[in-house]
Amino acid sequence: MTDTIRMSLADIEALSSRALMCAGAGAEAAASVGRSTMLAERDGIASHGLMYVPIYAEHLRCGKVDGAARPVVSRPGAGVITVDAASGFAHPAIDAGFPLLIDAARQNGIAALAIRNSYNCGVLGHHAERIASAGLLSLCFTNAPASIAPVGGAKPIIGTNPFALGVPNGAGAAALVIDQSASVVAKSEIARRAAAGTPIPEGWAVDAEGNPTTDAGAALKGAM
């Protein structure tokens with residue numbers, strides 16, 4: 001029998017941050033990713049919430065992400081902000097460039113923030129929501145490795161390539177946030193079910209032969 005533990009959002013954020021620091025993340029990076037984890041749990045996006053913290057920790061320990069990375073911010077144009085995440089998390093890199101992005105957008109009417117050399121950015125819609133909360137219309141995009149087969153195919157050649165839109169409400173919050181990708185569902189949702197040994201709904205994925213499957217493990221070995 002499994003006990004249920006109830007945690008506040010503040011507790012989730014603090015626990016996530018502590019776990020990341022124990023795995024090698026610096027205080028600022030841990031706080032930034034911990035906040036992202038809390039927001040995912042707030043919105044019921046379990047695949048990017050607490051269940052992802054052990055993966056973050058593993059990738060810190062194995063060196064896939066540099067927990068001590070220091071983002072390097074530059075402004076090559078009046079409306080262009082770039083941040084080299086230095087192989088660290090995307091979240092602190094976005095934090096580093098965010099104030100300049102907002103100032104540049106207000107000064108020029110439009111601006112762009114580009115992040116490079118980073119780990120994934122979590123829920124893209126949360127970044128769109130943050131910009132919208134600053135009173136600005138936001139469009140966010142990210143790249144992704146091939147993990148989707150085209151209709152009728154079996155080989156993954158298309159990335160999920162999420163994009164998000166945020167619309168401000170004029171009162172310091174977002175009136176609307178749309179976050180979607182090219183896939184039916186996030187790959188982490190399939191991985192979560194594969195780990196739990198539970199099936200996935202029909203229509204989510206195909207197996208290595210391109211046949212529809214409800215076996216999460218077969219989907220991960222094939223093409224979403």
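The values are calculated or read from the model by the stated rules, or taken from the named source; none is laboratory data. What you see is a predicted model, and the numbers here were worked out from it, not measured in a lab. Note: ideal-geometry Cβ built from the backbone for every residue, glycine included; neighbour counts use all protein chains shown. Protein only, heavy atoms only, side chains kept; ligands, DNA and RNA dropped before computing areas. Shrake-Rupley method; radii C 1.70, N 1.55, O 1.52, S 1.80 Å.
Among the residues of region 150-165, those identified as closer than 14 Å to residue 186 by Cα and assigned to a loop (DSSP other than H, G, I, E, B) are 160, 161, 162.
Among the residues of region 52-66, just one is in contact (Cβ under 8 Å) with a residue 40 or more places away in the chain and open to solvent by 80 Å² or more (accessible area, probe 1.4 Å), namely 64. So, residue 138, is that one open to solvent by less than 60 Å² (accessible area, probe 1.4 Å), over 30 Å from residue 106 (Cβ atoms) and among the hydroxyl-bearing types (Ser, Thr, Tyr) or not? It is false that residue 138 is open to solvent by less than 60 Å² (accessible area, probe 1.4 Å), over 30 Å from residue 106 (Cβ atoms) and among the hydroxyl-bearing types (Ser, Thr, Tyr).
Once region 72-119 is narrowed to residues that are touching a residue at least 40 places away in the same chain (Cβ under 8 Å) and of a type outside the set (A, V, I, L, M, F, W, C), the residue that is most open to solvent (accessible area, probe 1.4 Å) is 95. Going through (1) over 22 Å from residue 179 (Cα atoms); (2) touching a Phe, Trp or Tyr at 6+ places or on another chain (Cβ under 6 Å) one by one, residue 163 falls short only on (1).
Considering region 4-50, and only residues there that are in contact with a helix residue (DSSP H, G or I) (Cβ under 6 Å, 6 or more places away or on another chain), hydroxyl-bearing (Ser, Thr, Tyr) and modelled with pLDDT of 95 or more, the residue that is surrounded by the most Cβ atoms within 10 Å (Cβ to Cβ) turns out to be 37. Give the residues of region 121-130 that are closer than 25 Å to residue 57 by Cβ and either open to solvent by less than 60 Å² (accessible area, probe 1.4 Å) or of a type in the set (A, V, I, L, M) (or both), sorted by residue number. Within region 121-130, 121, 122, 123, 124, 125, 126, 127 qualify.
Between 154, 146, 128, the distinction of being at pLDDT 95 or above and in contact with a strand residue (DSSP E or B) (Cβ under 7 Å, 6 or more places away or on another chain) belongs to 128 only.
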